[in-house]
Amino acid sequence: MTIFKAFPYFNIVQSKVFDDVFYTDKPLVVCAPTGAGKTVIFELAVVRLIMKMENVVVRGFKIVYMAPIKALCSERLQDWTDKFESFGLKCKELTGDTEIDNYYELQEVNVILTTPEKWDSLTRRWRDNKYIVQSVCLFLIDEIHVLNDNVRGATIEAVISRMKTVQVSLSHSNTEQPLPKLRFIAVSATIPNIEDIAEWMGENHQAATFYVF
C-alpha cells in the first residue's frame, strides 16, 4: 500500500495495536515513546474508514486531527495531502494562521487538521455548523497528555466532551445516519493516568482499549 511505502514492515508498537485499530472500530488510547511511529496508528484508522466508506453512496465523512501546536498540524497537512489525495480525500488546516472566510468551505473537506482552540471555536455553537460537526466519523488526538495542562487542558476536555455529546444527540435523533459513528483515537508519549482517559473516552459504559509501551 502506497501510504506505508516508506518502511518495509510495522514496528512492535504498530504491530501490537494493529488488530484493534484496523479490524475494529473501538476507541483507542496509546502511550508510546517519541519516535515509535504513533502517526501510523492514525493512518491505519484512516485507511479502515476509507475502506468502510467505499460502498457508501455518501462520501461526506470527515476526519479531525487535533494537535496542541500549529506546527504539528502543518506537518500532518503536508504529509497526509501527499498520502491521501490519491484516495480522493481533501485535507485542510484549520488553525490560528488559517484564513477561512467562511466555515462553509469546510463542507467539501474530508480531513481537518486543527488545534483545540480552533475546534472549540467552531463547535461551541455546533448547531450553527451542524453539517460539519455531525459528519465527523474519526477524531484523532495527538499529544493527549496536554489534558493535564493548567491552561489548555480544559479546552481539550471541553472539545472531546462536546463531540461525545454530539454523538449522543445523533443517536437519539429519528433521522437515519448514513455515516459510521464517531471513533476516538488518542496518542502521546506520556500518559500517567491512561486508565482514567481510556474510561472517559470509552462508549456504552465500556472503557476504550489502551496500550502502554
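Can you report the number of residues in segment 183-199 which are more than 15 Å from Phe42 (Cβ to Cβ), at pLDDT 90 or above, out of contact with any Pro (no Cβ under 9 Å at 6 or more places or on another chain) and of a type in the set (A, V, I, L, M, F, W, C)?
Total meeting the criteria: 2.
Within segment 16-45, how many residues are over 22 Å from Val146 (Cβ atoms), open to solvent by less than 30 Å² (accessible area, probe 1.4 Å) and touching a residue at least 40 places away in the same chain (Cβ under 8 Å)?
The total comes to 1.
Could you grab me the full set of residues in segment 185-206 that are within 11 Å of Val29 (Cα to Cα), more than 15 Å from the chain's Cα centre (by Cα) and of a type in the set (Val, Ile, Thr)?
Ile191, Ile194, Ile197
Please go through segment 113-123 and pick out each residue that is in contact (Cβ under 8 Å) with a residue 12 or more places away in the chain and either of a type in the set (D, E, K, R) or open to solvent by 20 Å² or more (accessible area, probe 1.4 Å) (or both).
Correct list: Glu117, Lys118, Asp120.
For segment 125-135, give me the residue count where each residue is out of contact with any helix residue (DSSP H, G or I) (no Cβ under 8 Å at 6 or more places or on another chain) and either surrounded by 16 or more Cβ atoms within 10 Å (Cβ to Cβ) or part of a loop (DSSP other than H, G, I, E, B) (or both). Let's see the steps before the verdict.
Of the residues in segment 125-135, the ones out of contact with any helix residue (DSSP H, G or I) (no Cβ under 8 Å at 6 or more places or on another chain) are 125, 127-128, 130, 135.
Next cut, either surrounded by 16 or more Cβ atoms within 10 Å (Cβ to Cβ) or part of a loop (DSSP other than H, G, I, E, B) (or both) only: 125, 135.
The total comes to 2.
Residue pairs, Cβ under 8 Å, 6 or more apart or interchain, first in segment 146-164 and part of a helix (DSSP H, G or I), second of a type in the set (Lys, Arg). List them.
Taking only residues 6 or more apart or on different chains, the pairs are Val146/Arg152; Arg162/Arg124.
The values are calculated or read from the model by the stated rules, or taken from the named source; none is laboratory data. Predicted model only: the values in this text are computed from it and were never measured. Positions of Cβ are generated from backbone atoms using ideal geometry, with glycine treated the same way; all protein chains shown enter the neighbour counts. Note: areas computed on protein heavy atoms with side chains; ligands, DNA, RNA excluded. Shrake-Rupley method; radii C 1.70, N 1.55, O 1.52, S 1.80 Å.
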